[in-house]
Each structure stands twice: as C-alpha cells, then as structure tokens.
Amino acid sequence: MAVPPPLSRPDREKTRRFRRARVYLIAAAAATLLMATGCGGAAAPPAQPLAAAQTSTATPTTTAPPTSTTPTTVAAAPVVRQQVSVPQPAVQQQPRPLVQPQPQPKPEPKPEPKPKPEPKPVAKPQPAPARNDCDPNYSGCVPIASDVDCEGGSGNGPAYASGPVRVTGTDIYDLDSDNDGTACE
C-alpha cells in the first residue's frame with residue numbers, strides 16, 4: 001500500500017476547515033431534526049449565515065478506503081451555522097414580605113425623686129415640772145428638807161436624793177463634794 005504524500009500547508013488548512021464544516025453540518029442536522037420532531041423545546045431563532053471566514057469552499061478531496069482501490073470523491077457542502085438557544089427555566093421571584101416597622105417602645109418616664117421627708121421636730125427635753133416637794137437648785141428631784149444626803153452614802157438624812165443630780169443653782173445641801181456640777185455620783 002502506498003503512503004500518500006504529505007499535504008502542503010494550504011491543503012492542511014482546507015482539510016481542517018472541511019472537518020470543522022462537517023461537524024457543524026452534523027450539529028445543524030441534529031438540531032433541525034430535534035425541532036422537527038418537537039423535542040427541542042421552544043422554537044429556535046432562524047439560522048444566520050456564517051461569516052465568510054467560516055464558510056468552506058473546499059475543492060473535492062479524494063481518499064482511498066483501505067479495502068477498496070477505487071478513489072471516492074467527497075464534496076464539501078457549504079456550512080450554515082445555526083444558533084441553538086437552550087430555553088432557560090423562568091425564575092419566579094418570590095414576593096418579599098412587607099417589613100412592618102416595629103413600634104418603638106415609649107421610654108418609661110423616669111420616676112420622680114421621692115421628696116425627702118421633713119425631719120420630725122425633736123422634742124426638747126422639758127425640765128421636769130417643779131414639784132412643790134423638789135428643790136429648784138437641782139435638776140432632778142432633790143426633796144426640800146432640813147437636811148438632804150445622797151442615798152447609799154454615810155449621811156443621816158432625814159431626806160435622801162437618788163443621783164446623779166445636776167446642780168443648777170446653789171448647792172445648799174453640799175451634795176456636790178468635788179464641785180464638778182454633778183451631785184450624788
């Protein structure tokens with residue numbers, strides 16, 4: 001079997017174009033068949049002619065099959081490129097829920113400061129009312145008698161004062177022995 005001579009560069013490019021055109025032709029035929037049978041989905045847009053660079057005007061090429069010795073001539077058909085669009089499923093947009101503005105909580109009123117209670121007036125100690133039987137020179141009751149001594153002391157009375165007693169005037173009974181103002185300590 002004889003090996004064919006290598007192809008020149010222009011011939012190689014023609015062969016490539018021919019092969020590409022054949023692939024496009026098969027794809028176009030398949031698309032047309034699908035559209036004709038209704039399996040292609042939505043109708044495809046009409047075919048658009050290819051640019052001049054993509055059309056093939058190849059001259060017939062002769063190739064020999066391995067079992068046959070008779071050359072076979074194959075003519076290249078003009079290639080029509082058809083754009084097939086695949087329908088995209090429609091995307092349904094979900095309605096956005098309306099966002100209700102949240103009511104702003106009303107600020108709670110600040111509690112008014114409680115007024116400070118007015119201080120209760122402090123009762124001033126009242127001197128014990130002067131009884132007719134107490135000597136006014138002493139705070140506390142020192143009986144009025146001829147002689148008064150401190151209770152629990154060594155005095156002989158006849159009257160006794162329970163202490164301590166504060167001297168407010170003249171110590172007429174000498175009950176404040178250390179003269180510090182307090183008697184019967």
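Where a number appears in this text, it was derived from the coordinates with a stated rule and is not lab data. Everything numeric here is computed off the predicted structure, so don't read it as measured data. All Cβ positions, even for glycine, are placed from backbone atoms using ideal geometry, and neighbour counts span all protein chains on display.
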TODO: Tabulate in residue order the Karplus-calculated ³J(HN,Hα) for region 14-21, using 6.51 cos²θ - 1.76 cosθ + 1.60 with θ = phi - 60°, rounded to whole Hz; enter x for Gly and Pro.
DONE: 5, 5, 5, 4, 4, 5, 4, 4
TODO: Quick one: which residues, 5+ away or cross-chain, put their amide H under 5 Å from the amide H of Gly163? H built at 1.01 Å from N.
DONE: Glu151
Task: Amide H contacts under 5 Å for Gly157, placed H, 5+ residues apart - done: Asp149
Open item on the list: Can you tally the net charge around Tyr160? Count Lys and Arg as +1, Asp and Glu as -1, for every other residue whose Cβ sits under 12 Å from the Cβ of Tyr160.
Closed with: -3
